[in-house]
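Each remark here refers to the structure printed beneath this line.
The values are calculated or read from the model by the stated rules, or taken from the named source; none is laboratory data. For clarity, every value in this text was computed on a predicted model and none was experimentally measured. Neighbour counts run over all protein chains shown; Cβ positions are idealised from the backbone, glycine included. For accessibility, only protein heavy atoms count, side chains too; no ligands or nucleic acids. Shrake-Rupley method; radii C 1.70, N 1.55, O 1.52, S 1.80 Å.
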Amino acid sequence: DHDAAITRYSRLSKRRENEKVKAEVTEDVYTSRKKQHQTMMHYFCALNTLQYKKKISLLEPLLGYMQAQISFFKMGSENLTEQLEEFLTNIGTSVQNVRREMDCEVENMQQTIEDLEVASDPLYLPDPDPTKFPVHRNLTRKAGYLNARNKTGLVSSSWERQFYFTQGGNLMSQARGDVAGGLVMDIDNCSVMAVDCEDRRYCFQITSFDGKKSSILQAESKKDYEEWICTINNISKQIYLSENPEEMAARVNQSALEAVTPSPSFQQRHESMRPAVQSRPPAARTSSTGSLGSDSAALSALSLDSLVAPDTPIQFDIISPVSEDLPGQAKSSGQSSRRTNPFGESGGSKSETEDSILHQLFIVRFLGSMEVKSDESPDVVYETMRQILAARAIHNVFRMTESHLLVTCDCLKLIDPQTQVTRLRFPLPSVVLYATHQENKRLFGFVLRTSGGRAETRQTSICYIFESNNEGEKICDSVGLAKQIAFHAELDRKATEKQKEIERVKEKQQKELNKQKQIEKDLEEQSRLIAASSRSNQSSGEGQFVVLSSSQSEDSDLGEDGKKKRESE
């Protein structure tokens with residue numbers, strides 16, 4: 001306010017003096033200066049008062065505190081003087097007792113440490129004996145250090161040691177120095193399998209349910225290696241969501257063991273069923289067997305040996321059918337090693353599936369194959385799945401071969417994802433049955449009917465079982481669509497051939513008809529010429545008529561072949 005008043009006072013004109021304006025401006029300067037001076041004096045007075053308040057505000061509470069302390073200690077001294085000696089005596093006795101107990105505990109701990117060192121001596125080995133420390137296959141939680149593979153270049157990679165642990169349906173990792181763990185992968189409905197990785201042992205690969213993310217890890221020992229694979233398998237089946245996950249995992253694993261090794265054994269049960277089967281009519285055979293995960297009503301109506309022959313060997317690796325003494329497929333042996341160009345270039349030779357309408361590619365893992373006795377019911381596929389999965393669980397077979405399954409209208413192909421080499425080729429007409437598992441939709445299989453072997457008339461049916469990334473129904477639908485397309489294409493081909501045959505017959509008939517019309521036209525023309533010549537020259541007409549009639553008689557003597565020859569001339 002003072003600055004504003006001084007500014008107005010400074011702007012007064014010296015030429016035109018207005019007494020009224022000058023008085024107002026002067027009054028404003030006077031008022032503002034007076035207010036500023038009064039405010040300043042009150043401020044100084046308040047500061048002085050504050051200084052004195054500081055002195056007394058500190059001393060008054062301190063004085064009250066000292067008086068309270070004096071009263072407190074005086075009261076305590078009066079009350080505790082009589083009981084203090086007895087209290088100190090009791091405390092001293094308690095301290096001596098605690099010291100004696102501590103000495104005894106130290107001796108016991110030393111003895112326990114020596115016993116634990118002797119008992120834990122095998123645990124100090126990096127790979128302990130599995131007979132002394134069995135593998136726990138019913139775990140739904142697992143934690144420990146693993147080596148993770150990280151690609152640093154096109155062909156180079158590095159390994160990093162981190163702490164991994166499972167949390168619900170997630171796999172977590174925590175690097176050294178991190179405060180908390182981070183998410184590595186969602187392992188619900190994932191797949192895990194053992195892999196060969198460079199020169200390292202105990203490696204396994206985890207692939208997410210959609211197949212877009214995978215991770216290769218290395219365990220420290222065989223025990224940890226198998227426990228990690230079993231734990232991730234249990235978590236992928238969402239066993240951890242049940243009320244008692246370990247009991248549920250134990251029940252699932254036990255059912256898998258009993259599926260292939262029942263009591264009595266498979267062979268004994270088969271032998272024991274033979275007399276009953278021979279003494280009863282075929283319609284009375286009602287021995288049943290359960291499929292993995294559910295009891296099939298249709299399967300219970302069939303005998304066990306009507307689906308899969310007893311003691312049938314199971315093939316866990318991919319082997320081409322041509323190597324199994326099938327001379328009828330000698331031609332396909334050359335096709336099984338053909339290299340597929342990933343860039344789609346034919347390279348001078350046209351691909352056999354280039355003209356196919358349907359091209360669908362799926363990521364699958366081969367579980368196993370075995371010969372079956374029937375190919376008329378999907379229960380054959382369910383029973384084969386049960387036996388292969390149970391055999392893998394019993395024999396600890398975790399390794400699976402990953403491939404790309406190409407579905408076309410001509411065939412099914414298994415292609416190596418790295419080298420693009422066709423491992424197996426299944427002609428589509430030979431695929432007579434295909435089905436997916438009733439509960440686990442990742443499992444699917446198909447039955448391939450082949451002719452050959454030692455007896456050329458013998459039909460052999462082999463069931464192949466695969467695991468996909470939650471796409472079993474899609475693959476079966478794709479195979480069904482391919483068979484429908486092939487069936488309609490065959491019908492169209494036959495209809496086209498029939499139509500062409502009809503057109504050829506019609507064309508031949510039309511040619512014969514045209515020839516007949518041409519002969520009639522020539523005869524009419526000849527008759528017209530004869531009539532015209534007879535009218536123009538009656539004198540010479542008789543001789544000409546004789547000549548023409550003689551030529552006509554010659555034509556009639558020549559017959560049909562002679563007429564055609566004469567007409568052409």
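Structure values in brief
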{"read-out": "Relative packing of 4-10, 59-65, 188-194, which averages over residues the other C-beta atoms within 10 Å, highest first", "value": "188-194, 4-10, 59-65"}
{"read-out": "C-alpha center-to-center spacing [region 209-242, region 23-67] in angstrom", "value": "78 Å"}
{"read-out": "Accessible area in the full protein assembly, largest first, 1.4 Å probe, for PHE466, PHE316", "value": "PHE316, PHE466"}
{"read-out": "Residue (of CYS104, LEU146, PRO130) at the positive-pole extreme of region 98-162, dipole from beta-carbon charges", "value": "LEU146"}
{"read-out": "Estimated vicinal HN-Hα couplings, Hz - region 410-425 in sequence order (Karplus 6.51, -1.76, 1.60; Gly, Pro = x)", "value": "9, 7, 10, 10, 9, 10, 5, x, 8, 9, 6, 8, 6, 7, 9, 10"}
{"read-out": "Greater than 30 Å apart at Cα, pairs in LYS212/LYS373; LYS213/LYS474; LYS222/LYS474", "value": "LYS212/LYS373; LYS222/LYS474"}
{"read-out": "Sites matching GluC sites (Glu not before Pro) across region 2-56 that sit in DSSP coil, with at most 14 neighbouring C-beta atoms within 10 Å", "value": "GLU17"}
{"read-out": "Extension gain from GLN438 to ASN90, taking 0.36 nm per residue of separation minus the Cα-Cα distance", "value": "117.7 nm"}
{"read-out": "Of SER13, MET75, ASN48, farthest towards positive along the dipole that unit charges on Lys, Arg, Asp, Glu beta carbons give region 1-75", "value": "SER13"}
{"read-out": "Length gained when the stretch LYS14-GLU507 is fully extended (0.36 nm per residue, less Cα-Cα span)", "value": "164.6 nm"}
{"read-out": "Globularity ratio of region 1-75, using Cα Rg and 2.2 N^0.38 Å", "value": "2.37"}
{"read-out": "Gyration tensor (alpha-carbon) shape descriptor, region 359-486, a/c threshold 1.5", "value": "rounded"}
{"read-out": "Shape of region 89-187, Cα gyration tensor, a/c cut at 1.5", "value": "prolate"}
{"read-out": "Cα-based shape type of region 141-232, given that a ≥ b ≥ c are square roots of the gyration tensor eigenvalues and the cut on a/c is 1.5", "value": "rounded"}
{"read-out": "Sparse-neighbourhood loop sites, trypsin sites (Lys or Arg not before Pro) in region 430-507 - DSSP loop, at most 13 other Cβ within 10 angstrom", "value": "ARG454, ARG458"}
{"read-out": "Trypsin sites (Lys or Arg not before Pro) lying in DSSP loop within region 125-157, provided at most 11 other Cβ fall within 10 Å", "value": "LYS132"}
{"read-out": "Length gained when the stretch LYS55-LYS22 is fully extended (0.36 nm per residue, less Cα-Cα span)", "value": "6.8 nm"}
